[in-house]
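Peer 1: Handing you a structure now.
The values are calculated or read from the model by the stated rules, or taken from the named source; none is laboratory data. Quantities reported herein were computed from a predicted structural model and do not represent experimental measurements. Neighbour counts run over all protein chains shown; Cβ positions are idealised from the backbone, glycine included.
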DNA sequence: CGATTTTTTGATGAGTTTCAAATGATGTGG
DNA sequence: CCACATCATTTGAAACTCATCAAAAAATCG
């Protein structure tokens with residue numbers, strides 16, 4: 001099969017020749033350097049995507065300039081499917097945090113892709129459902145928990161979402177496979193970089209986290225779990 | 001057509017006889033008194049629903065007992081579609097706040113209903129998408145805004161969602177067509193009933209809101225809008 | 001009219017943001 | 001290869017918002 005742009009994509013693994021060609025039609029592979037934006041909040045929603053490699057962050061900015069990181073996109077996930085929801089424009093900005101590569105379809109291929117790969121419908125609906133769940137979970141955390149457990153929850157969630165991509169750190173801990181600043185973590189946990197810095201510094205002192213500039217090393221996941229429950 | 005359980009449901013208005021019968025198969029109409037729960041967080045997700053009349057509130061409770069109102073269900077909306085997301089159990093509790101009636105399908109009818117009324121797929125995907133949007137919006141508000149603008153945003157959103165059901169109040173304002181306590185509003189805005197009470201009392205004094213026990217009367221929407229933007 | 005529910009109001013303190021500044025890392029160009 | 005600019009993080013102190021505790025007032029219901 002010439003230029004099989006879909007190889008290595010689990011979602012399309014079971015796809016036979018004809019359907020495969022339908023899905024691949026008008027698809028291209030885009031690549032992004034760290035900091036580059038794939039689309040910006042408010043852009044017309046004329047494409048949808050699947051992340052092949054790398055890591056993206058999806059952010060929303062308020063009218064007052066405060067920003068919130070809505071989520072991190074890991075390889076193998078669909079994203080930017082605003083077209084599927086009949087949206088005119090993207091509700092968020094999507095930018096690479098490491099070198100990344102993504103499959104890009106023009107908006108009008110959405111129906112074609114769905115009917116060629118019906119399992120994709122299921123997969124997209126479930127993906128949205130999970131995102132909704134996660135949003136509700138975060139909503140609950142944000143409003144009922146204090147800063148420390150929120151950050152603990154966040155780090156554990158990021159670790160789970162990174163899945164097997166999370167690289168094992170030397171001392172038995174786990175390191176997130178992409179750089180995150182304290183500011184990023186603050187934007188994800190609804191806090192400020194100052195508060196996050198204080199919290200994480202204290203965890204480093206206790207040996208719960210490893211230290212590193214723009215790195216997150218979870219040395220002792222069990223201790224973090226404990227912090228999510230008990231507040232202190 | 002005998003016992004046409006689907007009449008008055010916009011979603012199924014354009015449905016012809018045969019499809020209509022498929023959708024109606026095994027459907028029943030449930031009714032609920034205020035305070036009665038349709039399903040409780042953790043229950044097996046064996047049914048899905050469409051609200052015909054009344055008003056429901058969907059709540060989640062944390063391990064520590066704090067509760068959060070996820071949303072209010074208005075007539076004409078699908079809800080409890082956990083089955084569609086392949087969930088085993090409902091992630092929230094759903095209870096009536098006024099006398100309500102809802103269409104109830106057993107879980108296994110989901111696929112049948114979808115294929116008989118394909119537009120429903122679209123409508124459900126969009127509904128979930130909107131909920132996701134709303135969740136993100138609330139997430140942003142919760143984390144970046146202070147209590148007063150959060151409550152203001154909430155009230156305006158409830159007004160919009162209630163749509164034409166919102167009854168016009170005598171003095172030119174709008175009243176939400178269902179009772180809400182300060183505690184409810186606190187649970188929706190991530191605050192406490194004390195804080196909400198203070199905030200709303202001050203708005204009443206300014207003439208932005210009308211007053212009433214378990215009532216929400218928006219006397220001056222424009223003033224509320226202003227509060228959402230400027231904080232003060 | 002007494003019991004219950006809902007709302008109001010005051011006082012206090014904890015937790016976070018904000019403001020300010022210093023320290024530590026990283027990379028670059030001369 | 002070092003000096004310097006930049007970026008990231010840490011830390012301190014003060015201000016402030018909001019949750020909590022406590023209690024009373026107001027509305028509703030039987």
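Peer 1: Just give me the residues in region B:143-154 being within 8 Å of chain A (Cβ to nearest Cβ) and surrounded by 22 or more Cβ atoms within 10 Å (Cβ to Cβ), in sequence order.
Peer 2: Result: B:143, single match.
Peer 1: Tell me the residue from A:117, A:45 that is closer than 17 Å to residue A:5 by Cα and in contact with a helix residue (DSSP H, G or I) (Cβ under 6 Å, 6 or more places away or on another chain), please. Before the answer, list the steps.
Peer 2: Numbers: A:45 fails: closer than 17 Å to residue A:5 by Cα.
Answer to the selection: A:117.
Peer 1: Would you check if there is a residue in region A:193-203 being over 23 Å from residue A:100 (Cβ atoms), away from chain B (no Cβ under 14 Å), within 13 Å of DNA strand C (Cβ to nearest atom) and modelled with pLDDT under 95?
Peer 2: no
Peer 1: Kindly provide the set of residues from region A:153-188 that are over 14 Å from the mean Cα position of the chain (by Cα) and either in the same structural domain as residue A:53 (by TED's automatic domain parsing) or within 16 Å of DNA strand C (Cβ to nearest atom) (or both), ordered by number.
Peer 2: First, the residues of region A:153-188 that are over 14 Å from the mean Cα position of the chain (by Cα): A:153, A:164, A:167-175, A:181-183, A:186.
A:153, A:169, A:170, A:175, A:181, A:182, A:183, A:186, listed by residue number.
Peer 1: Let me ask something else about it. Please state which of the following conditions residue A:166 fails to meet, knowing it meets all the rest: (1) closer than 30 Å to residue A:13 by Cβ; (2) more than 14 Å from chain B (Cβ to nearest Cβ); (3) in contact (Cβ under 8 Å) with a residue 12 or more places away in the chain.
Peer 2: Among (1) closer than 30 Å to residue A:13 by Cβ; (2) more than 14 Å from chain B (Cβ to nearest Cβ); (3) in contact (Cβ under 8 Å) with a residue 12 or more places away in the chain, residue A:166 violates only (3).
Peer 1: What are the pairs, 6+ residues apart or on separate chains, where a residue within region A:76-96 that is within 9 Å of chain B (Cβ to nearest Cβ) and at pLDDT below 95 has its Cβ under 6 Å from a residue that is surrounded by fewer than 18 Cβ atoms within 10 Å (Cβ to Cβ) and part of a loop (DSSP other than H, G, I, E, B)?
Peer 2: These pairs meet every condition: A:92/A:41.
Peer 1: Also: Just one of the numbered conditions (1) surrounded by 16 or more Cβ atoms within 10 Å (Cβ to Cβ); (2) within 13 Å of DNA strand D (Cβ to nearest atom); (3) more than 24 Å from residue A:96 (Cβ to Cβ) is not true of residue A:217; which one?
Peer 2: (3)
Peer 1: Kindly establish whether residue A:209 is away from chain B (no Cβ under 14 Å), surrounded by 16 or more Cβ atoms within 10 Å (Cβ to Cβ), modelled with pLDDT of 95 or more and under 15 Å from the mean Cα position of the chain (by Cα). Give the steps one after another, and end with the answer.
Peer 2: On the way: away from chain B (no Cβ under 14 Å): yes; surrounded by 16 or more Cβ atoms within 10 Å (Cβ to Cβ): yes; modelled with pLDDT of 95 or more: yes; under 15 Å from the mean Cα position of the chain (by Cα): no.
Spelling it out, it is not the case that residue A:209 is away from chain B (no Cβ under 14 Å), surrounded by 16 or more Cβ atoms within 10 Å (Cβ to Cβ), modelled with pLDDT of 95 or more and under 15 Å from the mean Cα position of the chain (by Cα).
Peer 1: Further question: Residue B:15 fails exactly one of the following numbered conditions: (1) assigned to a loop (DSSP other than H, G, I, E, B); (2) without any contact (Cβ under 8 Å) to a residue 60 or more places away in the chain; (3) out of contact with any strand residue (DSSP E or B) (no Cβ under 9 Å at 6 or more places or on another chain). What is the number of that condition?
Peer 2: (2)
Peer 1: Identify the single condition in (1) on the phi > 0 side of the Ramachandran plot; (2) crowded, with 17+ Cβ neighbours inside 10 Å that residue A:163 does not satisfy, given that it satisfies every other one.
Peer 2: (2)
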